[in-house]
Structure formats: structure tokens, C-alpha cells
Amino acid sequence: MAYTRFLTERSLKRKEDYLRRMSEKVLNASIVQENPSIITMAGGMPNPQTFPIQEVSLKLKNGKRIDLDEKTTRIALQYSGTKGLPPLVNMLTELQCRIHNPPTYKAEGHPGPLDLIVTSGSQDGLCKVFESMVNPDDKVLIEHPTYSGTLAIVKPLTSKAIPVESDIDGLNPASLRQALSPWSPSDATRPGSDIPKVLYLVPNGGNPTGAGLTLDRKKEIYKIAQDYNLIIMEDDPYFYLQFTKPYVPSFLSMDTDGRVVRFDSFSKLVSSGMRLGFVTGPKPLLERLELHMQCSVMHASGLSQMALYKVLEDWGIEGFLKHAETTAELYKTKRDQCLAIMEKHLKGLAEWTVPSGGMFVWVKLHVEDSHKLITVRAREKGVLFVPGSVFMMDSSKPSPYIRASYSNCTEEQMDTAFQRLAEILQEG
């Protein structure tokens, strides 16, 4: 694949930061290993004697304690490489290979060999990758309805985002073909063509819909992406929160071409406050992300990375997968409680689909528009939901939908919330 066509002029202008790269080599000891007698006065790294934190101790919920000794803490508190702490990057690469087995990993001679970068939450990676590939007024294919955070990224970049409708099984390939119908596959090779180059979707536990793509649909969507030469942005923070096993294979797992950029998050599995995610995809595209990070955040929090690495090191991959399974079971139980309570209070007043994963249920109220009902009347009644218009490309249009999150409420709280909502709907 020729990746230059996917990159913006601004992104192509980004150059490597000499000081960043030099500092990374010093931190990774590669320069010192080449010449042990070398004395470095090159980096602008603060003297660790000035760091007030000497050691860090983490107590896990199982009672085990993980201690970061003085040397490890000093590494965590110092500047580090933009791509992430090497042991964490290695561990995450091993995880991706174990779970997804990407065809481009160590593929000799492939134009888009697999790369991985740790980011300050997957949202930051998502934002920077969009900025690297979307020029003003580029046409971008966006699953619809979609995550409001993505709309907040895309709308300032282009006014020509194209909604691709989804249903209970996720993004509909027929809707994707319809969205691409103004163009032919040959337009992807024609200079100056305005054919879309990027498809964004959430394949599991969709936010807001809770829907998950089937394997057959994924295969069909990937074939369409091949035909029209699209980059697939696979935003998958809920991959490990699928409620059925085995996991539906990812787009990354079938990516023979190197056209998938995958976004993973630890927010739903370990901690949202640690602000750690990671991006996996073809090196020519991730290089642009790395260069952007070099001149902005520099790298994700070193202390967060080290804490996460030590927890994952203690667990091992099997322990991590067990933790992910336990987490998914918790949310599945809460989903089932939520659905039972909705059946009790909202039957005849609304309709909904059964989430296949994640934290949300997408509810269609028997009203023309939910916005005032939710933002005013429900708030006055002491209950909060999110009006469906927030997740729509055109938020000014009426929407009967609401998003309800069952992740952090008790069964009793959900019962009270939906009872209050039912009372509002019955009042008319």
C-alpha cells in the first residue's frame, strides 16, 4: 500500500525531534552500550535527586503488594521514549500477537509492518491519528450513531463526514456500500478524487448502541475497504467486554494489507484515571502519530506506564485475560439486571436492543424527541440519561433515543431511575 495518499500535508511536514530521539537513545542505553566511555551532556533531563518521590507501593485488591524500588521509580519519574516504556511495549506487542495474531507482524518486505505506540488514553491516539489523515473538508465515513468524543474530534476537521448506519449487529455493510455509491473503486487511484479514505467504527459494545459486529460483517467490511482502498480505524475499547465467547476476531486479525489502525484502552479494564491506551497499526501511519506526540505530550505518563507494567508482569497474559473475563462477567450481570428492570418499568413506553458487550443500552422512547425530556424533566425528577441527539451527526435533529449506562449503578438505583423515567413518559 502507498500510505502517503492517506496523510495530510501537515502530517507529512512533521519531522523527527532530534533531542527527543537522542534522549530516547540515552534512556535506552543504546549509545552508552556502543561506547561505554561516553559522557552525555546532550539531554535536558532533570536530575533525579530533585524528585521528591523515592519509592512507590501498590496494593492490589487480592492483597498482594507490588513495590517499585528506588531505581524503578526513578525510571518511571524521568522522561522516557515516545513510543512507551520498552518492557511495556514488548508486553503489549506480545498480547496483540497472542489475541489477534496480526498477519503483518514481522512480515518481511511488507510496506506496512506492524507497530505499536502507548498513548495517553486511546482518545489521544484517536485524535492524533484523525488529525494525521483528515484534511479540511475531506469526506470521512463514520459509523452512525457514534461516540460523541469522536464527533468532537472530526467536526472541527471536516464538515463532510458521511454517516454509515448501524443496527443490532453493528455497522451495516449495505449502508457502507450505499455511502460509497457516488464513487467507483477506481476513484481511489485517481489523483484529486474526493473519495473517502477513512472508515471509523466501534466494533464491540458500541457506544452508544451496545451493538457488536459479527464476523461475517467484518469480513464483508474489510473486503469493501480493500475494494475502495480505505483505512479502517478500529476503535475497540470494549473488545474484552464482549458477553459471549470466543471473542469475535478483530479487523487487525484479518489485516493482510496493513490498512487497519487499532485503538485499545485500559480505561475499562484497569483504570480510567491512569490514562493509558495503545495504538497498533502499520508503521508508516504510526510514525506520524509518534512525530505528533514528540512535539505535544512527548509520551504517556511514565508513572502510569510503570505501574501498569508491574501489574501486568505480576498477572502475566493469562492473569490479565482472567481479570478481563471477570470484568466482562460483572458488566454482563449488570446488563441483565438493567434489561429486567427496563422490562418491568418501560414495557409499552419504549423499545431497546440487547447489548452484546460494553456498558450501554440504547433505548428508543415512544416520543418524537428525547432532548428536553431528558435534559430538563428527567433532571428535575432526579435521574440522568444522555439524549440520543448527542451521538448523531446532526445533533439539531429530533431523536427519540437515549443512552443508559448500567456500569456503575446498583440494581436498586437502576430500578429507581427507570421508575422515574416511566413516570415522566406516562405524564406525556
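The values are calculated or read from the model by the stated rules, or taken from the named source; none is laboratory data. Source: prediction; values computed, not measured. Note: ideal-geometry Cβ built from the backbone for every residue, glycine included; neighbour counts use all protein chains shown. The protein model used for the area step is the full one, side chains on, heavy atoms only, and it has no ligands, DNA or RNA in it. Shrake-Rupley method; radii C 1.70, N 1.55, O 1.52, S 1.80 Å.
Pairs meeting the criteria (first residue in region 76-89 and over 13 Å from MET306 (Cβ atoms) and open to solvent by 10 Å² or more (accessible area, probe 1.4 Å), second residue modelled with pLDDT of 95 or more and not in a loop (DSSP other than H, G, I, E, B), beta carbons under 7 Å, at least 6 apart or on different chains) are LYS83/VAL89; LYS83/ILE117; LYS83/VAL118; LYS83/GLU290. Scanning region 157-200 for residues that are of a type in the set (Ser, Thr, Tyr), assigned to a helix (DSSP H, G or I) and either open to solvent by 40 Å² or more (accessible area, probe 1.4 Å) or at pLDDT below 95 (or both) gives SER186, THR189. So which residues in region 348-372 are touching a helix residue (DSSP H, G or I) at 6+ places or on another chain (Cβ under 7 Å), open to solvent by 20 Å² or more (accessible area, probe 1.4 Å) and part of a strand (DSSP E or B)? TRP352 - this is the single residue of region 348-372 that is touching a helix residue (DSSP H, G or I) at 6+ places or on another chain (Cβ under 7 Å), open to solvent by 20 Å² or more (accessible area, probe 1.4 Å) and part of a strand (DSSP E or B).
Can you tell me which residue within region 315-353, out of those that are basic (Lys, Arg) and without any contact (Cβ under 8 Å) to a residue 24 or more places away in the chain, is nearest to GLY210 (Cα to Cα)? Spell out how you get there, then give the answer.
Within region 315-353, the subset basic (Lys, Arg) is 322, 332, 334-335, 344, 347.
Those left that are additionally without any contact (Cβ under 8 Å) to a residue 24 or more places away in the chain: 322, 347.
Values: LYS322: 22, LYS347: 20 Å.
Within region 315-353, the match that is nearest to GLY210 (Cα to Cα) is LYS347.
Residues of region 355-379 that are in contact (Cβ under 8 Å) with a residue 40 or more places away in the chain and out of contact with any Pro (no Cβ under 6 Å at 6 or more places or on another chain): PRO355, SER356, GLY357, GLY358, MET359, VAL363, HIS366, LEU373, ARG377, ALA378. Across region 97-131, the number of residues qualifying as polar (S, T, N, Q), open to solvent by 20 Å² or more (accessible area, probe 1.4 Å) and within 19 Å of LEU269 (Cα to Cα) comes to 2. Screening ILE75 with (1) aliphatic (A, V, I, L, M); (2) over 18 Å from GLN294 (Cα atoms); (3) modelled with pLDDT of 95 or more gives one miss only, at (3).
Within region 46-66, the set of residues being surrounded by 13 or more Cβ atoms within 10 Å (Cβ to Cβ) and either within 24 Å of LEU269 (Cβ to Cβ) or within 30 Å of the chain's Cα centre (by Cα) (or both) comprises VAL56, LEU58, ILE66. Looking at region 161-185 only, could you name the residues that are under 16 Å from MET392 (Cβ atoms) and in contact (Cβ under 8 Å) with a residue 12 or more places away in the chain? Residues satisfying the conditions are ALA161, ILE162, PRO163, VAL164, GLU165, SER166, ASP167, LEU171, ALA179.
Considering region 130-150 alone, what residues qualify as being part of a loop (DSSP other than H, G, I, E, B) and either of a type in the set (A, V, I, L, M) or touching a Lys or Arg at 6+ places or on another chain (Cβ under 8 Å) (or both)?
VAL134, ASP137, ASP138, LYS139
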